[in-house]
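Peer 1: Quick one: this structure, given as structure tokens, is what I'll be asking you about.
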There are 2 protein chains.
Amino acid sequence: LQDDFWLSEHIAVPYRTFKQRYLVADQYWKKDNGPILFYTGNEGDITWFCNNTGFMWDVAEELEAMLVFAEHRYYGESLPFGNESFSDSKHLNYLTSEQALADFAVLVEYLKSSIAGARHSPVIAIGGSYGGMLAAWFRMKYPHVVVGALAASAPIWQFNDLVPCGTFFSIVTNDFKKSGTGCSESIRNSWNAINHLSSTDAGLQWLSNTFHLCSPLKNLQDAAVLKNWLSETWVNLAMVNYPYKADFLQPLPAWPIQEVCKFLKDPSLSDKALLQNVFRAVNLYYNYTGEASCLDVSQTATKSLGEMGWYYQTCTEMVMPLCTDGVHDMFEPQKWDFDALSEECQRMWGVRPRLSWILSMYGGKNINSHSNIIFSNGGLDPWSAGGVTQNITNSLVAVVIPDGAHHLDLRSRNPLDPKSVQQARALEICLMKQWIETARHSH
Amino acid sequence: LQDDFWLSEHIAVPYRTFKQRYLVADQYWKKDNGPILFYTGNEGDITWFCNNTGFMWDVAEELEAMLVFAEHRYYGESLPFGNESFSDSKHLNYLTSEQALADFAVLVEYLKSSIAGARHSPVIAIGGSYGGMLAAWFRMKYPHVVVGALAASAPIWQFNDLVPCGTFFSIVTNDFKKSGTGCSESIRNSWNAINHLSSTDAGLQWLSNTFHLCSPLKNLQDAAVLKNWLSETWVNLAMVNYPYKADFLQPLPAWPIQEVCKFLKDPSLSDKALLQNVFRAVNLYYNYTGEASCLDVSQTATKSLGEMGWYYQTCTEMVMPLCTDGVHDMFEPQKWDFDALSEECQRMWGVRPRLSWILSMYGGKNINSHSNIIFSNGGLDPWSAGGVTQNITNSLVAVVIPDGAHHLDLRSRNPLDPKSVQQARALEICLMKQWIETARHSH
């Protein structure tokens with residue numbers, strides 16, 4: 001998709017530089033200071049985000065815009081210490097959102113000074129998920145660099161006690177409840193079914209066979225891993241519950257939760273019958289192409305995401321409290337346990353998370369002095385629990401897409417798009433044009 | 001002056017903390033969310049800034065305000081690595097303005113959450129010189145933490161090519177020109193007089209004796225040090241040219257440049273006669289109390305300033321281009337030489353300065369999306385060359401005090417204060433009250 005591809009040097013630490021990858025597409029760009037849409041890369045390979053942010057490609061011609069996709073340090077090929085980046089936790093000291101934003105600021109200025117005709121180009125930050133947080137924070141911290149930001153499905157309030165920790169999983173549950181009779185109840189009942197079976201070796205064996213697991217379950221701890229993997233699968237399905245066949249985290253049919261729920265109609269079945277259905281459901285998620293010979297409970301998301309880097313970030317800045325109660329959601333009850341996280345982080349990386357750091361840095365709910373940020377949220381997306389879903393001021397605008405999953409608005413136009421996402425995109429484009437016009441007149 | 005004194009722990013690097021010193025005075029504070037005036041400490045001992053910022057003490061009762069003076073990391077007693085802070089340049093990696101601002105943000109939040117009745121206290125940042133830059137940047141980067149900032153004599157534009165490098169020294173020169181006939185000419189002529197004398201051993205000896213130097217000059221390099229020391233002395237006199245007897249950098253009489261210029265009326269004297277007068281002039285600066293037995297060319301400023309830390313900062317972020325031409329100023333011509341600085345920094349600390357970093361971080365002249373910052377400038381102060389001297393918007397207000405030297409407005413009220421500084425303070429207080437009122441109503 002991209003027609004150009006460069007690497008630039010950025011300073012990581014005093015006296016050291018690293019190569020940061022970014023992608024540029026300028027075929028629609030008006031060379032006389034046409035706007036730049038700048039994707040603030042998140043926790044993964046930038047080519048993958050580039051290929052899943054069709055919205056930017058769709059609007060490039062209309063806005064006569066240059067597209068830039070900047071890779072986040074410590075992800076993809078932008079590794080400050082190369083292959084050693086994760087081998088020693090002291091190499092990770094420079095993996096922070098603040099440093100990533102500074103990289104973006106320096107990159108934008110480099111592009112504007114080095115590309116002929118870009119000197120006065122208004123730049124708009126665009127990102128989804130953590131990339132959406134970065135887009136919003138980029139506008140907050142560097143309003144001299146970007147004239148505005150589109151922060152799609154950005155849970156900037158999923159920190160500390162700004163929102164209830166349980167909303168996230170109740171949204172997931174609602175998605176399943178609405179997608180088929182008996183569906184969320186089947187999943188709620190599946191946990192005890194697994195608990196019963198995993199109490200015997202024969203049961204563990206049966207579970208391993210039934211779920212076609214690559215590595216058989218050996219004990220209760222392995223059974224806990226299985227349950228955790230199932231939970232993450234339901235969450236991921238809620239995130240990618242798109243209205244058309246798509247391949248974001250996995251190749252999936254349209255409205256995949258509805259497809260999954262076709263297997264989960266009867267919550268009153270026996271343990272084994274229920275779990276055979278649960279297998280059919282997750283098998284749809286992991287094996288829609290039919291290529292998988294077994295299912296691997298250590299894998300949930302795509303390999304395009306940088307799991308190690310993100311884990312470190314959740315152990316330092318990105319502490320997002322989540323919890324379940326089994327009543328308002330279909331999951332096993334689990335309290336938010338900061339101390340357990342902190343111990344795990346100490347063990348893994350020798351660091352402890354700072355619960356209120358992100359609030360201190362980026363203001364929490366006290367952000368009304370900023371301007372020109374669109375916060376878009378999908379009503380089906382669990383991350384909308386921590387998103388900005390009501391306007392804060394005239395220029396801090398919340399957009400809600402009731403039929404949308406995780407940053408549906410950033411995906412390519414599709415004939416099956418619901419009206420709500422079409423309207424959301426229209427508003428986003430309209431506001432971006434206003435920002436561009438205002439920037440133009442201020443010159 | 002302060003009635004309270006605490007030390008708090010702050011995170012310097014992952015897994016490490018350091019004790020940051022701050023001073024609190026709350027005798028006039030209205031305990032029901034009265035405002036907090038927060039001094040953003042600069043490159044020195046915070047008690048010294050506390051004792052030289054009488055303005056805050058003068059307005060505390062009227063505003064029913066708590067005063068907080070926060071020490072900048074790596075200065076005074078706030079040393080992240082204790083006595084080792086400067087012994088290894090890798091310990092200095094955490095000495096940046098960004099880290100200092102984050103310290104301030106965390107400290108403000110700590111105070112608001114731990115002091116009863118301070119939870120909704122509006123906080124105003126106040127600082128002078130580099131502390132003034134920090135106050136302005138604090139409001140820009142943390143508008144959720146401070147409702148406004150008074151940035152006194154803050155040369156936020158003395159970076160890169162935002163202002164001409166020569167204005168600084170031409171302001172110094174004007175101060176001397178206005179303070180006595182022949183004064184700036186005498187100084188301009190003194191350089192060649194020193195050059196002539198320092199070409200012989202007898203001349204070096206004569207200079208050493210005449211200037212009562214603690215260490216005699218041995219060669220041309222020493223003579224260059226002498227000239228540099230004289231230049232810095234004239235600059236310092238311009239900074240502290242206050243209308244009354246004061247003791248900021250040195251104990252001095254009222255309008256010290258006028259006093260100095262009484263010795264420098266005749267620029268046409270012979271080399272030796274001219275330099276004897278120059279000695280009398282600098283002796284007034286260094287020995288007004290008559291206690292000095294000799295003059296030390298390695299000392300210019302007060303020991304309350306942290307020279308090592310500031311030198312490191314000028315070698316990393318705080319690169320402020322300055323130059324002289326000997327025509328528009330009274331100094332020996334000297335071009336701005338970034339490469340020489342860079343080499344020196346590499347030699348000293350193993351770092352190289354980044355010329356455009358401060359602009360990338362804080363926006364340079366492109367800061368009009370921010371709000372509630374007062375930039376005050378003294379017309380006599382060379383640092384006004386890099387200051388904001390014209391309003392940028394309705395809420396980014398420039399205040400000019402024609403008769404003021406370096407942050408005169410932050411000093412205690414004095415019967416000899418010129419009308420211009422009285423009016424400047426009145427405007428500053430009025431705007432601060434507006435910010436406090438607006439903050440109060442938003443609750």
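Peer 1: Indicate the gyration tensor shape class of segment B:287-326 (rounded, prolate or oblate), computed on the Cα atoms with a ≥ b ≥ c the square roots of the eigenvalues: a/c under 1.5 is rounded; otherwise a/b larger than b/c is prolate and the rest oblate.
Peer 2: oblate
Peer 1: Right, something else. Hey, what did segment A:174-231 get for relative contact order, percent, Cα under 8 Å, at least 6 apart?
Peer 2: 24 percent
Peer 1: If you take the beta carbon distance between A:L162 and A:E437 as r and set R0 to 45 Å, what does 1/(1 + (r/R0)^6) give as a FRET efficiency, to the nearest 0.05?
Peer 2: Taking R0 as 45 Å, the efficiency between A:L162 and A:E437 is 0.85.
Peer 1: Report, to the nearest 10°, how far helix B:54-63 tilts away from the longest principal axis of the Cα atoms in chain B, using its own Cα long axis and a range of 0 to 90°.
Peer 2: Taking the Cα atoms of chain B, the angle to B:54-63 is about 20 degrees.
Peer 1: Now a separate question. Using bins 10 angstrom wide from zero, how does P(r) for chain B break down, in % of all Cα pairs?
Peer 2: 4, 21, 30, 26, 14, 5, 1, 0
Peer 1: To the nearest 100 Å², how much accessible surface do chains B and A cover up together, summed over both, with a 1.4 Å probe?
Peer 2: 2300 Å²
Peer 1: Something else now. What is the local net charge at A:S215, summed over the other residues whose Cβ is closer than 13 Å to its Cβ (Lys, Arg +1; Asp, Glu -1)?
Peer 2: Value of the local net charge: -1.
Peer 1: Turning to a different aspect of this structure: When you take every Cα atom in segment B:78-120, what is the radius of gyration, and what is Dmax, the widest Cα pair distance, in Å?
Peer 2: Considering segment B:78-120 through its Cα atoms, Rg and Dmax are 14.3, 43 Å.
Peer 1: How far, in whole Å, is the nearest Cβ of chain A from the axis relating it by rotation to chain B, and which residue carries it?
Peer 2: A:K141, 3
Peer 1: How much accessible surface does A:D222 have with a 1.4 Å probe, in Å² rounded to 10?
Peer 2: Its accessible surface works out to 50 Å², give or take rounding.
Peer 1: Using Cα atoms only, what is the angle between the long axis of helix A:167-178 and the major principal axis of chain A, expressed in degrees (0 to 90) to the nearest 10?
Peer 2: 70 degrees
Peer 1: Taking Cα centroids, how far is segment B:377-443 from segment B:271-299 in Å?
Peer 2: Measuring centre to centre over Cα atoms gives 34 Å.
Peer 1: Could you give the Stokes-Einstein D for segment A:261-339 in µm² per second, using the C-alpha Kirkwood radius, 25 °C, 0.890 mPa s?
Peer 2: The calculation lands on 155 µm²/s.
Peer 1: Next question. Mind giving me the nanometre distance, one decimal, between the label points for B:K30 and B:E64, set 7 Å out from Cα along Cα→Cβ?
Peer 2: According to this spin-label approximation, the distance is 0.3 nm.
Peer 1: Given the convex hull over the Cα atoms of segment B:298-364, what projected area results after averaging over all orientations, in nm²?
Peer 2: 6.1 nm²
Peer 1: Using a 1.4 angstrom probe on heavy atoms only, work out the carbon and sulfur share of the accessible area of segment B:132-260 in %.
Peer 2: Its accessible area is 51 percent carbon and sulfur atoms.
Peer 1: Give the residue list of trypsin sites (Lys or Arg not before Pro) in segment A:384-443 that are DSSP loop and have at most 14 other beta-carbon atoms within 10 angstrom.
Peer 2: Answer in residue order: A:R413.
Peer 1: Averaged per residue, what accessible surface does segment B:15-121 expose to a 1.4 Å probe, in Å²?
Peer 2: Counting only protein heavy atoms, the per-residue value for segment B:15-121 is 35 Å².
Peer 1: Over segment A:57-207, what is the relative contact order in percent, taking alpha-carbon pairs closer than 8 angstrom and at least six residues apart?
Peer 2: 11 percent
Peer 1: Gaussian network model of chain B, Cα springs within a sub-10 Å range: biggest mean-square fluctuation belongs to which of B:S371, B:S384, B:S87?
Peer 2: Maximum fluctuation in the GNM of chain B, among the listed residues, is at B:S87.
Peer 1: Now for a different question. Report, to one decimal in Å, the Kirkwood hydrodynamic radius for segment A:194-312 based on all distinct Cα pairs.
Peer 2: Averaging 1/r across every pair of different Cα atoms and inverting gives 15.1 Å.
Peer 1: Run a plain Debye calculation on segment B:102-146 (Cα atoms as equal point scatterers, no solvent) and give log10 I(q)/I(0) at q = 0.20, 0.25, 0.32 Å⁻¹, rounded to two decimals, same order as the q list.
Peer 2: For the requested q values the scattering log ratios are -0.62, -0.88, -1.16.
Peer 1: In a solvent-free Debye calculation with one equal scatterer on each Cα, what is log10 I(q)/I(0) for segment A:91-182 at q = 0.10, 0.13, 0.14, 0.23 Å⁻¹, listed in the order of the q values?
Peer 2: Here log10 of I(q) over I(0) equals -0.41, -0.60, -0.66, -1.14.
Peer 1: So which trypsin sites (Lys or Arg not before Pro) in segment A:29-81 end up in coil per DSSP with only 14 or fewer other C-beta atoms within 10 Å?
Peer 2: Filter output for segment A:29-81: A:K30, A:K31.
Peer 1: Further question on the same structure: Counting only protein heavy atoms, probe 1.4 Å: which residues of segment B:138-163 lose 30 Å² or more of accessible surface in the full assembly compared with their chain by itself?
Peer 2: In segment B:138-163, residues shielded by partner chains: B:K141, B:Y142, B:P143, B:H144.
Peer 1: Moving to a separate point now. Give the separation of the Cα centroids, segment B:96-138 to segment A:177-241, in Å.
Peer 2: Taking the Cα centre of each part, segment B:96-138 and segment A:177-241 sit 50 Å apart.
Peer 1: Accessible area drop of at least 30 Å² (1.4 Å probe, protein heavy atoms): which residues of segment B:94-131 qualify, relative to the chain alone?
Peer 2: The answer is B:V106, B:E109.
Peer 1: Between helix B:97-114 and chain B, what is the angle of the helix's C-alpha long axis to the longest principal axis, kept within 0 to 90° and rounded to the nearest 10?
Peer 2: Rounded to the nearest ten degrees, it is 40.
Peer 1: Another question, if that's okay. On a 1.4 Å probe surface of the protein chains, which of B:K227, B:K262 comes out largest in accessible area, and what is the full order?
Peer 2: If we order B:K227, B:K262 from most to least accessible, we get B:K262, B:K227.
Peer 1: Follow-up question, since we're still on this one. Please tell me which of these pairs span more than 18 angstrom C-alpha to C-alpha: A:K365/B:K31; A:K262/A:K419; A:K227/A:K272; B:K177/B:K265; B:K141/B:K433; B:K335/B:K365?
Peer 2: From the list (A:K365/B:K31; A:K262/A:K419; A:K227/A:K272; B:K177/B:K265; B:K141/B:K433; B:K335/B:K365), the Cα-Cα distance tops 18 Å for A:K365/B:K31; A:K262/A:K419; B:K141/B:K433; B:K335/B:K365.
Peer 1: Using every Cα-Cα pair within segment A:17-103, state what percent have a distance larger than 20 Å.
Peer 2: The share of Cα pairs beyond 20 Å in segment A:17-103 comes to 40 percent.
Peer 1: Also: Work out, step by step, the length gained on full extension between B:N368 and B:I429: first 0.36 nm times the residue separation, then minus their alpha carbon distance; give nm to one decimal.
Peer 2: 19.7 nm
Peer 1: Evaluate the charge dipole of chain A about its Cα centre and quote only its size in Debye, nearest 20, assuming +1 on the Cβ of each Lys and Arg and -1 on the Cβ of each Asp and Glu.
Peer 2: So the magnitude is around 520 debye.
Peer 1: Taking the square root of 5 times each eigenvalue of the Cα gyration tensor, what semi-axes in Å does the equivalent ellipsoid of segment A:398-443 have, largest first?
Peer 2: 26, 10, 8
Peer 1: Select from A:A151, B:Q334, A:G290 the residue farthest towards the positive end of the dipole of the protein assembly as shown; place +1 on Cβ of Lys and Arg, -1 on Cβ of Asp and Glu, and compute about the Cα centre.
Peer 2: A:A151
Peer 1: To continue, here is another question. Project the alpha carbons of segment B:1-156 onto their principal axes and report the range along each, largest first, in whole Å.
Peer 2: Each principal axis gives a Cα extent; for segment B:1-156 these are 46, 33, 30 Å.
Peer 1: State log₁₀ I(q)/I(0) for the protein assembly as shown at q = 0.05, 0.06 Å⁻¹ as given by the Debye formula over alpha-carbon point scatterers of equal weight, solvent excluded.
Peer 2: Log10 I(q)/I(0), no solvent term: -0.35, -0.49.
Peer 1: Still on this structure, please answer the following. Under the rule a/c < 1.5 gives rounded, and otherwise a/b versus b/c splits prolate from oblate, where does segment B:331-395 land using the Cα gyration tensor?
Peer 2: oblate
Peer 1: Suppose R0 equals 22 Å. What FRET efficiency, 1/(1 + (r/R0)^6) with r the Cβ-Cβ distance, do A:Q258 and A:E232 give to the nearest 0.05?
Peer 2: The computed FRET efficiency comes out at 0.65.
Peer 1: Mind running the shape call on segment B:281-438? Use the C-alpha gyration tensor, a ≥ b ≥ c as the square roots of the eigenvalues: rounded below 1.5 for a/c, prolate if a/b tops b/c, oblate otherwise.
Peer 2: Verdict is oblate for segment B:281-438.
Peer 1: Between A:S369, A:S129, A:S184, which gets the highest mean-square fluctuation from a Gaussian network model of chain A, Cα cutoff 10 Å?
Peer 2: Result: A:S369 has the largest fluctuation of those listed.
Peer 1: For B:S268 and B:R280, calculate 0.36 nm times their separation in residues minus their Cα-Cα distance, and state this gained length in nm to one decimal.
Peer 2: Extra length from B:S268 to B:R280 when fully extended: 2.6 nm.
Peer 1: Among DSSP bridges having both ends in the protein assembly as shown, what percentage is antiparallel? Round to the nearest 5.
Peer 2: If we restrict to bridges inside the protein assembly as shown, about 45 percent are antiparallel.
Peer 1: Here is a follow-up. Would you mind telling me which residue in B:V123, B:V106, B:V240 has the biggest mean-square fluctuation in a Gaussian network model of chain B, where springs connect alpha carbons within a distance under 10 angstrom?
Peer 2: Ranking B:V123, B:V106, B:V240 by mean-square fluctuation puts B:V106 first.
Peer 1: Sort B:F86, B:F176 by accessible area with a 1.4 Å probe, largest first.
Peer 2: Largest to smallest exposure gives the sequence B:F86, B:F176.
Peer 1: Averaged over A:355-361, how many beta carbons belonging to a partner chain fall within 10 Å of each residue's beta carbon?
Peer 2: 4
Peer 1: Percent relative contact order of chain A, based on C-alpha pairs within less than 8 angstrom and at least six residues apart?
Peer 2: This gives 19 percent for chain A.
The values are calculated or read from the model by the stated rules, or taken from the named source; none is laboratory data. Worth saying up front: this structure is predicted, and the values here are computed from it rather than measured. Note that we place each Cβ from the backbone using ideal geometry, even for glycine, and neighbour counts take in every protein chain shown. For accessibility, only protein heavy atoms count, side chains too; no ligands or nucleic acids. Shrake-Rupley method; radii C 1.70, N 1.55, O 1.52, S 1.80 Å.
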